[in-house]
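The values are calculated or read from the model by the stated rules, or taken from the named source; none is laboratory data. Please read these numbers as outputs of a predicted model, since none were measured by experiment. Cβ atoms come from the backbone with ideal geometry, glycine included; neighbour counts cover every protein chain shown. Each accessible area value is taken on the protein alone, full model and side chains, heavy atoms only, with ligands, DNA and RNA left out. Shrake-Rupley method; radii C 1.70, N 1.55, O 1.52, S 1.80 Å.
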There are 2 protein chains.
Amino acid sequence: MMISSHNIDSFFNPSSIAIIGASDKEGSLGKVLFNNLLESKFDGEVYPITISSETVMGRKAYRSVLDIEGNIDLAVIAIPAKVVNSVLRECAKKGIKSCIVISGGFSETGEVERENELKRIVEETGIRVVGPNCVGILDTHSSVDTIFLPSDRMGRPRMGKISLISQSGAFVAAILDWAAGEGIGMSKIVSFGNKADVNYSDLIDYLSKDEDTSVITIYMEGVGDGRKFMTAAKKAITNKPIIILKSGRSKAGAAAAASHTGSLAGSDIVYSAAFKQSGIIRVYTPQEMFDIAKAFVCRKKAKGRRVAIITDGGGTGVIATDSLADYELELAALEEDTKNRMRDSLPPYCSVKNPIDLTGDADAKRYEIALTEVFKDDNVDAILLILLFQLPTLEDDVIKRLLPMIKNSPKPIIVISPGGGYTRMKLKELEEECIPCYQSSQNAVHALSAIIDYYEYIKKKKL
Amino acid sequence: MMISSHNIDSFFNPSSIAIIGASDKEGSLGKVLFNNLLESKFDGEVYPITISSETVMGRKAYRSVLDIEGNIDLAVIAIPAKVVNSVLRECAKKGIKSCIVISGGFSETGEVERENELKRIVEETGIRVVGPNCVGILDTHSSVDTIFLPSDRMGRPRMGKISLISQSGAFVAAILDWAAGEGIGMSKIVSFGNKADVNYSDLIDYLSKDEDTSVITIYMEGVGDGRKFMTAAKKAITNKPIIILKSGRSKAGAAAAASHTGSLAGSDIVYSAAFKQSGIIRVYTPQEMFDIAKAFVCRKKAKGRRVAIITDGGGTGVIATDSLADYELELAALEEDTKNRMRDSLPPYCSVKNPIDLTGDADAKRYEIALTEVFKDDNVDAILLILLFQLPTLEDDVIKRLLPMIKNSPKPIIVISPGGGYTRMKLKELEEECIPCYQSSQNAVHALSAIIDYYEYIKKKKL
């Protein structure tokens, strides 16, 4: 039977899920898995499958998926490795399209034949498998959640448009938890462990057409079939940016990767060249990955590299100006008319030369004046908006007042606001409206440069 | 009269403070200033000085410092610029040693003669001045706080050992607020604006001998008297590390700095060379500054560059290994005995080769085993301890169990734990004991390399 890429969708949007290995046992993986799904907003049917009891958490349990009358779209398998393949055959027989094999005990522990058998089942039946030896899937839109870590230890990120593909399990758990703490909005997260079937290219294909995904992020140690990967990435990139955190860069790191997931990290220079040639954005830390990803979610294109900085603190303006140079962006030379009009409307001690310094007693009105002018100025391609919320003259409702302007901006706007409690509260108001906000100028400018580079690449490619 | 450097101490440890310009008026700087001091834990006398009313916030007000009978150590001046100098003379007459001039309206607005007059008063009377045009001082140990920003907008960092010197006001406010949000412990913070008198070298001298300061951080746009600065820094550095964030690095940034504080940023290459030659650590973002500073607070020396990594997530171990190479650190080759003993005590699926992978079901016991072994291993100079708290097998009291080992470690230990709410709660337990913790491997390894580089520099210098 042909392997169908259509089946990928049932991993994310199943009408019904069977949890094979569901359990009542305190602390067991099967309990966390089943409980997480019941507690989530997933509104389809969830069937517990177990040979150990008649009910699980008060629900009627089944001994096999074959005992269930209704249709099942997705099976999640969390049972001892030695019985996984026979259960997988039952799933195929039942007509289940997609299967997440959480269980470990395959090639990663030397059980290569067991993994080959799993691959044969996939080939013969057309069932699609994520795993084995993986944490599986989290979809914030459909609420499918097979990450078997309890929510009091690992927060789930809020609904958003950043999708993530990864091999490593614990790493994904840690960065999702971190993203949840940071308030970063995410969409579909897949961690596929040994990737016996569903792999990078399948998922890149799928996510490039997914309406809930604006940007694809990937954590990889090694890629496996490099040619297939690059073909999928090159095709996807005209639709959506792809950001990759590739580890095993150093000789020692590559050796560590080999012993971790058996990945051949390959020559790092080759990866860098291939990524660059295909317009893939390479990053080196999870922070960078999300800093850049969230800037893409606003989906505003820049026409060029000339940036206006608006600030209420001179020092922060200087630091941001330095950062522009680091990322080969230019401080825009404002038109004389722009400067003259600002000079007429702003207090005389404000600086109307870029960086525009509204000074330490700035209020919303001054920001409105400056934004209005830089929107109109043809020498400005993008805007860095620095708001130091510590200054008490900034009104409490400053965000509410500026938000319509920022949202309707004809140019990308990146907000920089270092600070603590009050500042974070204000930034949350902006982030919930998909405005990219940063604590650090350097991170903000890096993200802005990535947007500008990406659209330059796409434009050249289309010529 | 000679300018005395002894007087610097009364800025930080005064027995009594006069707030000149204290006020009851809602939203006024004088009210915020007076209120912040009253609400702080400062336990000396605080006198309001004003010509506008008989009392301020229910306290008897005085028209002049000369009307006060008792001794005054520190005066804070927040009145219109044109009367500052005559009030400053009164302060000198009263025998006040130290004065913070918050008021703007001096050289920064073209009033050069007014600033020269202030300098003459300093020379003639020996009074020391921080400012004018500054936010002044925050000392978390003595609770002196002249930062005129309300605490609901700008959080104050907790007591700690990192001191900060800066020229820029709003920048300091923003990063202190950020540090407060991050739980970073700080000691003495000085922002001296126009630096008409007290400058970098005075403060470096003072802080290098201050028991409450383990590390000196500096934000500068331009240095003024470079030779004096370097002399002070070279002398201080054998006692304490100095970390500098120097902005105005780029051509555009230097121009922005000139228009902001009138600083001549100077050639960036010259700065870099001078810093390097003197063992000063140069950073490029506030995040880097505090990442490195907090690593120095634990004050543990490393003998060399060989690092052991202990992790419960393979992927994070790979990323950390890559970071080591970025900062010219080595993955330690563990002694055979170390590996054998770990192999005997750990489950067989754990990896005892560096990075030591305790795997996804690790518990405190496994960390105890690994730490015990790397402490003893002569091939290990420093330790990266990765704790992914998302994993439910890590006991809730894991920190309590590991803390004595970590605190008594004979080698520097840096903790890496990416995560959200639960993780941050756990890290707080460590940070309160001065254990440096990081969300990102890259930041952690950068900090570790700075410690190692610093002690190598000091060792060479002493030879």
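Applying both filters, DSSP loop and at most 15 other Cβ atoms within 10 Å, to the GluC sites (Glu not before Pro) of the range B:368-463 gives B:Glu395, B:Glu432, B:Glu433. Need one word for the range B:169-260: rounded, prolate or oblate. Basis is the Cα gyration tensor (sqrt eigenvalues a ≥ b ≥ c); a/c below 1.5 gives rounded, then a/b vs b/c decides. Since a/c reaches 1.5 but b/c is at least a/b, the shape of the range B:169-260 is classed as oblate. Would you mind classifying the range B:301-462 by shape? Square roots of the alpha carbon gyration tensor eigenvalues, ordered a ≥ b ≥ c; an a/c under 1.5 is rounded, otherwise it is prolate if a/b is larger than b/c and oblate if not. Because a/c hits 1.5 or more and a/b fails to exceed b/c, the range B:301-462 counts as oblate. List the pairs from B:Lys235/B:Lys300; A:Lys94/A:Lys228; A:Lys251/B:Lys240; A:Lys195/A:Lys460; B:Lys353/B:Lys407; A:Lys300/A:Lys426 whose alpha-carbon separation is above 26 Å, in the order I gave them. Where the Cα-Cα span goes over 26 Å, the pairs concerned are A:Lys94/A:Lys228; A:Lys251/B:Lys240; A:Lys195/A:Lys460. Give the lysines reachable from A:Lys25 as a straight Cα distance under 20 Å; neighbours fewer than 8 places away on the same chain don't count. Partners found: A:Lys60. Taking every DSSP beta bridge that has both ends in chain A, the antiparallel portion is near 15%. Counting from the shortest, the label point at A:Asp67, 7 Å from Cα toward Cβ, is 9.1 nm from the same position in each remaining copy. Among B:Thr316, B:Leu38, B:Ala273, whose Cα projects farthest towards the positive end of the dipole of chain B, with charges put on the beta-carbon of Lys, Arg (+1) and Asp, Glu (-1)? The one lying farthest along the dipole's positive direction is B:Ala273.
Note on A:285-293: average number of Cβ atoms from other chains within 10 Å of each residue's Cβ is 3.
Got a sec? Charge dipole of the protein assembly as shown, +1 on Cβ for Lys and Arg, -1 for Asp and Glu; which of B:Asn340, B:Ser417, B:Phe290 is way out at the positive end? Among B:Asn340, B:Ser417, B:Phe290, the one farthest towards the positive end of the dipole of the protein assembly as shown is B:Asn340. Return the subset of A:Lys294/A:Lys459; B:Lys93/B:Lys161; A:Lys188/A:Lys246; A:Lys93/A:Lys119 for which the Cα-Cα distance in this structure is over 25 Å, preserving the input order. Where the Cα-Cα span goes over 25 Å, the pairs concerned are B:Lys93/B:Lys161.
Along the range A:227-238 the Karplus relation, 6.51 cos²θ - 1.76 cosθ + 1.60 evaluated at θ = phi - 60°, assigns HN-Hα couplings of 5, 4, 4, 5, 4, 5, 5, 4, 5, 5, 5, 6 Hz to successive residues, with x for each Gly and Pro. Shown here for the range A:1-89: GluC sites (Glu not before Pro) in loop regions (DSSP other than H, G, I, E, B) with at most 15 other Cβ atoms within 10 Å, namely A:Glu26, A:Glu54, A:Glu69. Charging the Cβ of each Asp and Glu at -1 and of each Lys and Arg at +1, and nothing else, the dipole of the protein assembly as shown about its Cα centre rounds to 1540 debye. A point 7 Å from Cα along Cα→Cβ stands in for B:Glu123, and the other copies hold the same point at 9.1 nm, listed in rising order. Highest mean first, the peptides A:94-107, A:160-173, B:311-324, B:221-234 sorted by other C-beta atoms within 10 Å per residue fall in the order B:311-324, A:160-173, A:94-107, B:221-234.
What percentage of the solvent-accessible surface of the protein assembly as shown, computed with a 1.4 Å probe over protein heavy atoms, is contributed by carbon and sulfur atoms?
The computed percentage sits at 51.
Given +1 on the Cβ of Lys and Arg, -1 on the Cβ of Asp and Glu, and no further charges, what dipole in debye does chain B carry about its Cα centre, rounded to the nearest 20?
Values: 57 positive and 60 negative charges, 212 e Å.
The dipole magnitude comes to about 1020 debye.
Normalising the average separation of contacting C-alpha pairs (under 8 angstrom, six or more residues apart) by the number of residues puts the relative contact order of the range A:301-462 at 29 percent. For the range B:96-202, the solvent-accessible area works out to 26 Å² per residue, with a probe of 1.4 Å and every protein chain left in place. Where both bridge residues fall in the protein assembly as shown, DSSP classifies roughly 15% of the beta bridges as antiparallel. Look at the stretch B:419-427: the mean tally of other chain Cβ atoms within 10 Å of its residues' Cβ atoms is 6.
How many percent of DSSP beta bridges within the range A:301-462 run antiparallel, rounded to 5? Intermediate values should be presented prior to the final figure.
Values: 1 of 15 bridges.
Antiparallel bridges: around 5 percent, rounded to the nearest 5.
Distance to the A-onto-B rotation axis is smallest for one chain A Cβ; residue and value in angstrom are A:Gln287, 5.
Largest first and in whole Å, the equivalent-ellipsoid semi-axes of the range A:404-463 read 27, 14, 7, each the square root of five times a Cα gyration tensor eigenvalue. Summing both sides, the accessible surface hidden between B and A at a 1.4 Å probe radius is close to 4200 Å².
Report, as a whole number in µm² per second, the diffusion coefficient that Stokes-Einstein gives for chain A at 20 °C and 1.002 mPa s using the Kirkwood radius over alpha carbon pairs. Intermediate values should be presented prior to the final figure.
Values: Rh = 23.9 Å.
Approximately 90 µm²/s, per Stokes-Einstein.
Here the range A:329-463 is treated with +1 on each Lys and Arg Cβ and -1 on each Asp and Glu Cβ, and its dipole about the Cα centre works out to around 360 debye.
Residues of the range A:138-187 with accessible area at least 30 Å² lower in the all-protein-chain context than alone (1.4 Å probe)? Output list: A:Leu149, A:Arg153, A:Ala170, A:Phe171, A:Ala174, A:Asp177, A:Trp178.
Sorted from closest to farthest, the other copies place their A:Ser52 label points 7.3 nm away, with each point set 7 Å from Cα along Cα→Cβ.
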